[in-house]
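So the structure is just underneath, and the comments pick up after that.
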Amino acid sequence: MDINHLISQYGYAALIVGSMAEGETITLLGGVAAHQGLLKFPLVVIAVALGGMIGDQLLYLVGRRFGDASCAVSPVRKRGSVKRSV
């Protein structure tokens, strides 16, 4: 079992998970794998886009759930008031 086999086997899942955290670097690596024939380019684009959207939604939900608590301990909050946009 070599690295090429692992990339072709788990590459799309790794792209989804990786693009949640660091999208640009993972997109570049997915493009390299597609160029080498290990992954299919249209599926790389879909996997990276899907991972980016999932990551953005997760960060939004974390901010919505814990945002007030993090603003209460923030030094910015102590200096001045932060107005809500909602």
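Observations, loosely collected:
- With both labels modelled 7 Å from their Cα along Cα-to-Cβ, the VAL45 to VAL17 distance reads 2.6 nm.
- Summary value for the range 3-79: 31 percent relative contact order, contacts being C-alpha pairs under 8 angstrom separated by 6+ residues.
Values in this text are rule-based calculations from the coordinates and carry no lab data. This one's a predicted model, so the numbers in the text were calculated from it and none came from an experiment. Neighbour counts run over all protein chains shown; Cβ positions are idealised from the backbone, glycine included.
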